[in-house]
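Before any comments, here is the structure.
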Amino acid sequence: MSDTYLQLDKLTLAYGDTVAVKDLDLSIRKGELVALLGPSGCGKTTTMRSIAGLLNPASGRITLDGADITRVSANKRNVGLVFQSYALFPHLTVYENVAFGLRLKGVSGQDLDSKVTAGIKSVGLASFAARKPGELSGGQQQRVALARSMVMEPKVLLLDEPLSNLDARLRLEMRAELQRVQKETGVTMIFVTHDQIEALALADRIVVMLNGGIEQIGTPEEIYNKPVSAFVADFVGFENVFALENGKLATSNSLVELSAPVPQAARGLAWRPRMVILGSGPFQGTVRGTSFAGNVREYLLDTPLGPIKAEVDAGEPSHAIGSALSFDLPLAAAAPLSRYR
Ligand SMILES: Nc1ncnc2c1ncn2[C@@H]1O[C@H](COP(=O)(O)OP(=O)(O)OP(=O)(O)O)[C@@H](O)[C@H]1O
Ligand SMILES: [Mg+2]
């Protein structure tokens, strides 16, 4: 990529003998908002720590804005880091919390005041400058932490699950706030989350990680609609995932032929529950469970293919537990997976 701003090259990160991240390659453009998404322990925080300079790579290279920063110390990288626990100084006002890092850098007087005031304003806290963290809501405190990092004008701002200790409503607000601040300032941002909805809502691109490596990189639309592996498919809600062998669906005890030829390169196929057609089709199943979820009803079927999850409009006639149903897995709707494992 020609306009790469931050590049990780074959980055391997270890704690002693434990390799946490292996041969990671990632290119990020200036001004991009990238989400790192993946299960607990997959290496998200470890990757962020290495970018911030808090963990020396075992091997590989990190370049930022044309310079090799692999061995540059954390305080010379101009990379901001906001953690889940944002650790504001409780005895300092919002203003002084935001001013703190700038003062350390030797910024003072009018210059300091205008930067701090602009930073506080950018996160919507202009009228809270004189308050202390204890007099703010969780979301407001999080915004102070964001402003405190932003005023340092970092080349890259790293946010490690910054929203995870906020309640659902505040999370939504902060999500919008983060996106706005990022678009207004154009700061390059890497954002770690467990939450796929959050990643889909916020990011320009999503990096899905698993076991210290990258499973897939793509836009939210690509990740959501075109997962490349069984793991990503399941992660974004394609709950019916099958391996393919010789163009047939591999179930636990047999190979099942589909009504149309499957894409040649596919190693697997995946269907969202709502893609399963209930009531007609070549397959037979028995309803093992059903649950009402507002505008849809979910079914779990026992079938010769294994358990199948289906979802239909709640307005459709319902099927009782134990009833036999035919169903179809329409090939046209399936996501073809280029890797099963
Ligand atoms: N200080 C450490 N010493 C040894 N192993 C560590 C250390 N920190 C992390 N690890 C291991 O490295 C791997 C990656 O951890 P990391 O913290 O990067 O995961 P994560 O993706 O951020 O997970 P989570 O979503 O739970 O925060 C895990 O297997 C973890 O146990
Ligand atoms: Mg983590």
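The values are calculated or read from the model by the stated rules, or taken from the named source; none is laboratory data. Every value quoted in this text rests on a predicted model; they were computed, and no experiment measured them. Because the Cβ atoms are built from the backbone with ideal geometry, glycine has one as well, and the counts that use them run over all protein chains shown. Calculation scope for accessible area: heavy atoms of the full protein, side chains included, ligands and nucleic acids excluded. Shrake-Rupley method; radii C 1.70, N 1.55, O 1.52, S 1.80 Å.
Would it be correct to say that Phe83 is within 16 Å of ligand 2 (Cβ to nearest atom), aromatic (Phe, Trp, Tyr) and within 23 Å of Lys132 (Cα to Cα)? Walk me through how you get there before you give the answer.
Working: within 16 Å of ligand 2 (Cβ to nearest atom): yes; aromatic (Phe, Trp, Tyr): yes; within 23 Å of Lys132 (Cα to Cα): yes.
Against the criterion (within 16 Å of ligand 2 (Cβ to nearest atom), aromatic (Phe, Trp, Tyr) and within 23 Å of Lys132 (Cα to Cα)), Phe83 qualifies.
Answer yes or no as to whether Glu245 is in contact (Cβ under 8 Å) with a residue 24 or more places away in the chain and either on the phi > 0 side of the Ramachandran plot or more than 14 Å from the chain's Cα centre (by Cα) (or both). First the steps, then the outcome.
Details: in contact (Cβ under 8 Å) with a residue 24 or more places away in the chain: no; either on the phi > 0 side of the Ramachandran plot or more than 14 Å from the chain's Cα centre (by Cα) (or both): yes.
Criteria not met by Glu245.
Does the range 246-269 hold any residues that are more than 16 Å from Gly306 (Cα to Cα) and either at pLDDT below 90 or open to solvent by 60 Å² or more (accessible area, probe 1.4 Å) (or both), and which are they? Can you show your working first?
Start the filter on the range 246-269 by keeping residues that are more than 16 Å from Gly306 (Cα to Cα), which leaves 246-247, 259-267.
Those that are more than 16 Å from Gly306 (Cα to Cα) and either at pLDDT below 90 or open to solvent by 60 Å² or more (accessible area, probe 1.4 Å) (or both): Asn246, Gly247, Ser259, Ala260, Pro261, Val262, Pro263, Gln264, Ala265, Arg267.
Tell me whether the range 47-64 contains one or more residues that are without any contact (Cβ under 8 Å) to a residue 60 or more places away in the chain, under 23 Å from Ala145 (Cα atoms), surrounded by 14 or more Cβ atoms within 10 Å (Cβ to Cβ) and within 18 Å of the chain's Cα centre (by Cα).
Scanning the range 47-64 turns up at least one residue that is without any contact (Cβ under 8 Å) to a residue 60 or more places away in the chain, under 23 Å from Ala145 (Cα atoms), surrounded by 14 or more Cβ atoms within 10 Å (Cβ to Cβ) and within 18 Å of the chain's Cα centre (by Cα).
Filter the range 111-131 for residues that are surrounded by fewer than 18 Cβ atoms within 10 Å (Cβ to Cβ) and in a helix (DSSP H, G or I) and give the result.
Asp111, Leu112, Asp113, Ser114, Thr117, Ala118, Lys121, Ala126, Ser127
Which of the residues spanning the range 16-41 are in contact (Cβ under 8 Å) with a residue 40 or more places away in the chain and open to solvent by 50 Å² or more (accessible area, probe 1.4 Å)? So that I can check it myself, show each step before the final result.
First, the residues of the range 16-41 that are in contact (Cβ under 8 Å) with a residue 40 or more places away in the chain: 19-26, 28-40.
Correct list: Val19, Lys22, Asp23, Asp25, Arg29, Lys30, Ser40.
Would you mind listing the strands (runs of 3 or more DSSP E) fully within the range 2-57 where at least 1 residues are within 13 Å of ligand 2 (Cβ to nearest atom) and more than 19 Å from Thr70 (Cβ to Cβ)?
Result: 33-37.
Being within 14 Å of Leu81 (Cα to Cα), in contact (Cβ under 8 Å) with a residue 12 or more places away in the chain and open to solvent by 30 Å² or more (accessible area, probe 1.4 Å) narrows it down to one residue among Arg171, Arg175, Arg143; which is it?
Only one candidate passes the filter, namely Arg143.
Right, Ser149: within 16 Å of ligand 2 (Cβ to nearest atom), open to solvent by 10 Å² or more (accessible area, probe 1.4 Å) and among the polar types (S, T, N, Q) or not?
no
Just for the range 178-196: of the residues that are over 20 Å from Met152 (Cβ atoms) and part of a loop (DSSP other than H, G, I, E, B), which one is least open to solvent (accessible area, probe 1.4 Å)?
Applying the filter and picking the extreme gives Asp195.
Out of the range 55-76, which residues are touching a helix residue (DSSP H, G or I) at 6+ places or on another chain (Cβ under 7 Å) and within 25 Å of Lys115 (Cβ to Cβ)? Walk me through it before giving the result.
Of the residues in the range 55-76, the ones touching a helix residue (DSSP H, G or I) at 6+ places or on another chain (Cβ under 7 Å) are 55, 57, 62, 74.
Selection gives Ala74 alone.
May I ask you to say which residue of Ala67, Ala87, Ala74 is open to solvent by 30 Å² or more (accessible area, probe 1.4 Å) and under 24 Å from the mean Cα position of the chain (by Cα)?
Working: Ala67 fails: under 24 Å from the mean Cα position of the chain (by Cα); Ala74 fails: under 24 Å from the mean Cα position of the chain (by Cα).
Within the list Ala67, Ala87, Ala74, the selection yields Ala87.
Out of all the residues in the range 197-226, which are part of a helix (DSSP H, G or I), away from ligand 1 (no atom under 13 Å from the Cβ) and of a type outside the set (Asp, Glu)?
Ile197, Leu200, Ala201, Leu202, Pro220, Ile223, Tyr224, Asn225
Gly237 - would you say it is out of contact with any strand residue (DSSP E or B) (no Cβ under 9 Å at 6 or more places or on another chain), open to solvent by less than 40 Å² (accessible area, probe 1.4 Å) and on the phi > 0 side of the Ramachandran plot? Even if it seems obvious, please write down each step before you answer.
Values: out of contact with any strand residue (DSSP E or B) (no Cβ under 9 Å at 6 or more places or on another chain): yes; open to solvent by less than 40 Å² (accessible area, probe 1.4 Å): yes; on the phi > 0 side of the Ramachandran plot: yes.
Judged against the criteria, Gly237 is a match.
Scanning the range 270-311 for residues that are more than 27 Å from the chain's Cα centre (by Cα) and aliphatic (A, V, I, L, M), which turns out modelled with the lowest pLDDT? Break it down stepwise before answering.
Here is the first cut: in the range 270-311, the residues more than 27 Å from the chain's Cα centre (by Cα) are 277-292, 297, 299-307.
Filter once more, so that each one left must be aliphatic (A, V, I, L, M): 277-278, 287, 300-301, 305.
Details: Ile277: 96, Leu278: 95, Val287: 97, Leu300: 97, Leu301: 97, Leu305: 92.
Step by step, filter the range 270-311, then rank; the result is Leu305.
Yes or no: Ala126 without any contact (Cβ under 8 Å) to a residue 24 or more places away in the chain and either hydroxyl-bearing (Ser, Thr, Tyr) or within 21 Å of Glu184 (Cβ to Cβ) (or both)? Break it down stepwise before answering.
Details: without any contact (Cβ under 8 Å) to a residue 24 or more places away in the chain: yes; either hydroxyl-bearing (Ser, Thr, Tyr) or within 21 Å of Glu184 (Cβ to Cβ) (or both): yes.
Spelling it out, Ala126 is indeed without any contact (Cβ under 8 Å) to a residue 24 or more places away in the chain and either hydroxyl-bearing (Ser, Thr, Tyr) or within 21 Å of Glu184 (Cβ to Cβ) (or both).
Quick test of your reading of the structure: Arg205 fulfils all but one of (1) in contact (Cβ under 8 Å) with a residue 60 or more places away in the chain; (2) open to solvent by 40 Å² or more (accessible area, probe 1.4 Å); (3) of a type in the set (Lys, Arg). Name the failing condition by number.
All conditions pass for Arg205, except number (2).
Going through the range 138-171 one residue at a time, which ones are charged (D, E, K, R) and touching a helix residue (DSSP H, G or I) at 6+ places or on another chain (Cβ under 6 Å)?
The initial filter retains those residues of the range 138-171 that are charged (D, E, K, R), namely 143, 148, 153, 155, 160-161, 167, 169, 171.
Hits for the range 138-171 are Arg148, Asp160.
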